[in-house]
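Below you'll find the structure I mean.
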Amino acid sequence: MVLPEVFASDGELISALTISILSIILIRLLFIEWGKVDLFKKRVLVLGTGSRAAKIDELASLGQAQGLDIVGYLPMGSLHSYVPHERVLAESGSIGEVVDKLAIDEIVVAIRERRGGGLPVSELLECKLRGVSVLDLPAFFERQTGILPLEAINASWMIFSDGFSQGVTRDLVKRLFDILVSGIFLLLTLPLMLLTGLLIRLESKGPLFYTQVRVGQYGKHFTIYKFRSMFTDAEKDGRPVWAAENDDRTTRVGRLIRRLRIDELPQTINVFLGHMSFVGPRPERPFFVEELAAQIPFFHARHSVKPGITGWAQVRFSYGASVEDAMSKLQYDLYYVKNHSLFLDLMILLQTAQVVVLGKGVR
């Protein structure tokens, strides 16, 4: 033969696939075990022993401090301690001396009161100039959990931190991405949408689609489209109601399409019209926006980007049906608003597929 064999045999393909799968498993196990070895963990010193420091201790107890060794908590003149007594360090001297003695790689500032000398700025600057990483609490939680804790952020932090930026190029790329993904998605799901419409029509009287006013980017109202999953008189008195688990207002077909997230498919129309993006914070109804904005700080910050069919909060948090749930979801939405990118959108889409398959967060 003049040219070598181009296509591999069946045996070679199976062997290559087997070796690839085993290699992936081995590499993953190595990374997992690597993270468990204290020698390779980043040694972290937490400044403060108050309620903010306690959140870090809680985070570590939940296993969300992977790759970190929380050496201890250094009291900074606080009258009350919210972390376990055995975790409080009794070291004396400057922060630099403590860092040298305990071989610290990173400092997390968990001090609430920073005025009047509460924050040792000069000592922290000295540590940073010597190569020790210094993080505030929001940055630490952002890195470890993918949220921005509401109790630890303020307007000035949001103004001066990296992120929370918009731009023509970013908007153009995201718009092209939305058109491409939603177009492919619509073509692939068209037969399923036709079948869903037929089943809705056969089970109960009423329209196939459920339309509702939602709040979009910059607070502008738009009409969202969904497959009808409830009876037509679900809100008889006209007052909006939070969706509940095993909601008795849903039809049998409605329960099925909600579980499989099929009821969301017509929202691709909203994406084409530019009201929504494929990925972004879920749009709320004006009634709930007014209610939540009055109780939750920075709630309107989520409206700085287009709402989405799926989002960071949807893949990381269960369905929200209360003010408390909305507050928790906002922490994920703020993370997305601060860090949204094409890569993050792709990651959310992949995780959304997992959510749909496992049926997480369904009402």
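Coordinate-derived values only; no laboratory data. Everything numeric in this text was worked out from a predicted model, so none of it was measured. Quick reminder, even Gly has a Cβ in these numbers, built from the backbone with ideal geometry, and neighbours come from all protein chains shown.
Based on Cβ point charges of +1 for Lys and Arg and -1 for Asp and Glu, what charge dipole magnitude is obtained for region 168-358 about its Cα centre, in debye rounded to the nearest 20?
Using only the charged Cβ atoms, the result is roughly 360 debye.
Pull out the extension gain between Val121 and Arg249, defined as 0.36 nm times the separation in residues minus the alpha carbon to alpha carbon distance; nm, one decimal.
Once the chain is fully extended between Val121 and Arg249, it gains 40.3 nm.
Each residue of region 69-86 in turn: what ³J(HN,Hα) in whole Hz from Karplus with 6.51, -1.76, 1.60 and θ = phi - 60°, glycine and Pro shown as x?
Result, rounded to whole Hz: 10, 6, 5, x, 10, 9, x, 10, x, 6, 7, 10, 10, 10, 9, x, 4, 5.
Same structure, new question: May I ask you to sort Thr49, Thr189, Thr145 by Cβ crowding, counting other Cβ atoms within 10 Å and putting the fewest first?
Fewest to most other Cβ atoms nearby, the residues stand as Thr189, Thr145, Thr49.
First measure r as the distance between the Cβ atoms of Leu256 and Glu290, then evaluate 1/(1 + (r/R0)^6) with R0 = 30 Å and state the FRET efficiency to the nearest 0.05. Write down the numbers at each step before the final one.
Details: r = 33 Å, r/R0 = 1.09.
Once the sixth-power term is evaluated, E becomes 0.35.
Another one. For Glu113 and Val134, what is the calculated FRET efficiency with R₀ set at 22 Å and r taken between the beta-carbons, to the nearest 0.05?
The value I calculate is 0.75.
Pairs of lysine in region 168-358 with Cα under 23 Å and at least 8 positions apart or on different chains: total?
Summing the qualifying lysine pairs gives 16.
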